[in-house]
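The values are calculated or read from the model by the stated rules, or taken from the named source; none is laboratory data. These numbers were taken from a predicted model, which means no experiment stands behind them. A quick note on method: Cβ atoms are made from the backbone with ideal geometry, for glycine too, and the neighbour counts reach across all protein chains shown. When the accessible area is computed, the model is the full protein with side chains, heavy atoms only, and any ligands, DNA or RNA have been set aside. Shrake-Rupley method; radii C 1.70, N 1.55, O 1.52, S 1.80 Å.
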Amino acid sequence: MCCRVLGVAEIDKPPGVWCPHCTPGHGCRIHDQPALPHDCAEYVCFWLQARQEGYQFPDALRPASSKVVAVPPKIEYAGKETHNVRCAPGYPDAWRKPVVNKLIQGLISHGSTVYLVTASGETKRIRQA
Ligand code: SF4
């Protein structure tokens with residue numbers, strides 16, 4: 001899902017379209033090759049990062065299931081984290097699903113700023129419910 005939802009500047013892949021190197025359902029065909037973009041080699045989605053760190057993120061939050069990709073936080077000034085959340089094409093309201101919204105509200109309540117990035121690239125700050 002990340003290979004569809006996110007853009008990869010290094011290979012001029014815009015957000016919202018499948019990467020030409022991806023076989024949907026199987027993954028990246030160049031993942032073990034030198035041609036793999038640096039950003040892809042470094043990237044771990046928030047769901048996977050959290051699971052790797054031992055947090056009990058449910059399977060329903062996995063981007064392929066939730067249709068939402070949450071990019072790991074960037075640290076802003078004063079130590080505050082910012083998360084960007086993108087929905088898969090055709091699922092613009094996926095971030096409103098209870099399982100996703102619970103995560104978003106949890107991040108906000110812990111001091112993070114969460115932005116919804118729309119398909120057209122606009123960002124909208126999600127406020128506390
Ligand atoms: S190069 Fe591979 S990992 Fe990067 S977006 Fe394309 S398919 Fe995904």
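Can you name every residue in region 57-74 that is in a strand (DSSP E or B) and out of contact with any strand residue (DSSP E or B) (no Cβ under 6 Å at 6 or more places or on another chain)? Quick ask: steps written out before the conclusion?
Step one: filter region 57-74 for residues in a strand (DSSP E or B), giving 68-74.
The one that is in a strand (DSSP E or B) and out of contact with any strand residue (DSSP E or B) (no Cβ under 6 Å at 6 or more places or on another chain): Pro72.
In region 14-28, the count of residues that are open to solvent by less than 40 Å² (accessible area, probe 1.4 Å), within 9 Å of the ligand (Cβ to nearest atom) and not in a loop (DSSP other than H, G, I, E, B) is one or more. Of the listed requirements (1) closer than 22 Å to Thr123 by Cα; (2) hydrophobic (A, V, I, L, M, F, W, C); (3) modelled with pLDDT of 95 or more, Phe46 misses just one: (3).
Okay, residues lined up against (1) surrounded by 14 or more Cβ atoms within 10 Å (Cβ to Cβ); (2) part of a loop (DSSP other than H, G, I, E, B):
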| residue | (1), (2) |
| --- | --- |
| His83 | yes, no |
| Arg86 | yes, no |
| Val100 | yes, no |
| Lys124 | no, no |
| Ala129 | no, yes |
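Here Ile30 meets each of (1) touching a His at 6+ places or on another chain (Cβ under 6 Å); (2) under 17 Å from His83 (Cβ atoms) with one exception, condition (2).
Of everything in region 35-62 that is within 12 Å of the ligand (Cβ to nearest atom) and of a type outside the set (A, V, I, L, M, F, W, C), the residue that is least open to solvent (accessible area, probe 1.4 Å) is Pro37.
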